[in-house]
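Working notes, structure below.
Each value in this text was obtained by applying a stated rule to the coordinates, not by laboratory testing. Just so you know, these numbers come straight off a predicted model, no measurement behind them. No Cβ is skipped: glycine too gets one built from the backbone with ideal geometry, and neighbour counts run over all protein chains shown.
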Amino acid sequence: SQQGEEDPQALSIQEGENATMNCSYKTSINNLQWYRQNSGRGLVHLILIRSNEREKHSGRLRVTLDTSKKSSSLLITASRAADTASYFCATDWGGAQKLVFGQGTRLTINP
Amino acid sequence: ETGVTQTPRHLVMGMTNKKSLKCEQHLGHNAMYWYKQSAKKPLELMFVYSLEERVENNSVPSRFSPECPNSSHLFLHLHTLQPEDSALYLCASSQDEGGVYGYTFGSGTRLTVV
């Protein structure tokens, strides 16, 4: 399966700490995207990184991509209670023209 | 609101009922999608429409029937569902079929089949 696999499945940290989530995938991609989902709601697009990019920033988010290892990481700095959510990576196959999602990392920020 | 609106937000239906889920976007996107999200499983892509034509049907049972009358609206018609079909059904849209600029999701319809 092409779907990304997030690691860890669940992460619990204190407010103000940094949170790092990882995603691994199996075949070549055009881009990799990260999404956030609050409980029972739709997914919100956070950031997209193309296969020829290695790092991207958006506010408190930092995404890295290592195509040689077929992995990506999402770093959330200075976490806040509002960051509590599930985070998914999604990969865009080279020829499949669709996004395939992993199972997600459940992040809990403790006050 | 994200720009993708799904109705209803919650739906309880019996196994013999017929109901429809509605999705609407006015973002000018050309592609629309139905995903199913069950507990402890990855999002499952069900259907893809690009410029109002179905381009993907991921072996979805025939009790799910999609309809895309125009580029702004997408429906999922449901009939004789099973309890295992209970899930969160998410609609998404993207500027292009490949979603290379990201998907915009609706808030979902929480479906319970009794």
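Counting, for every residue in A:41-52, the Cβ atoms of other protein chains within 10 Å of its Cβ and taking the mean gives 5. Among A:SER86, A:SER71, A:SER12, the largest mean-square fluctuation in a Gaussian network model of chain A, built with springs joining Cα atoms closer than 10 Å, belongs to A:SER12. Volume of the convex hull of region A:1-96 (Cα atoms only), normalised per residue: 100 Å³.
Partner shielding of A:7-16 amounts to 0, given as the average count of beta-carbon atoms from other chains within 10 Å of each residue beta-carbon. When chain B is treated as a Gaussian network with alpha carbon springs shorter than 10 Å, the biggest mean-square fluctuation among B:SER62, B:SER86, B:SER94 belongs to B:SER62. Counting every alpha-carbon pair across the protein assembly as shown, the share separated by more than 28 Å comes to 30%. For region B:1-89, what does the alpha-carbon gyration tensor say about shape, rounded, prolate or oblate, given a ≥ b ≥ c as the root eigenvalues, a/c under 1.5 as rounded, and a/b over b/c as prolate? Prolate, since a/c reaches 1.5 and a/b exceeds b/c.
Charge tally for B:SER50 (other residues, Cβ to Cβ under 13 Å; Lys, Arg +1; Asp, Glu -1): -3.
Remark: mean inter-chain Cβ contacts per residue of B:100-110 equal 5, using a 10 Å Cβ-Cβ cutoff to other protein chain atoms.
Name the residues of region B:70-88 whose amide N is less than 20 Å from a point 7 angstrom out from the Cα of B:ASN17 along the C-beta direction? Once the point is set 7 Å along Cα→Cβ of B:ASN17, B:75-88 turn out to lie under 20 Å by backbone N, inside region B:70-88. Around the Cα centre of region A:38-101, unit charges on the Cβ atoms of Lys, Arg, Asp and Glu (plus for the first two, minus for the last two) sum to a dipole of about 40 debye. Between A:ALA81 and A:LYS69, the modelled labels are 3.5 nm apart [label points 7 Å from Cα along Cα→Cβ]. Cross-link pairs exceeding 29 Å in C-alpha to C-alpha distance, out of A:LYS69/B:LYS22; A:LYS26/B:LYS18; A:LYS69/B:LYS41; A:LYS26/B:LYS19, comprise A:LYS69/B:LYS22; A:LYS26/B:LYS18; A:LYS26/B:LYS19.
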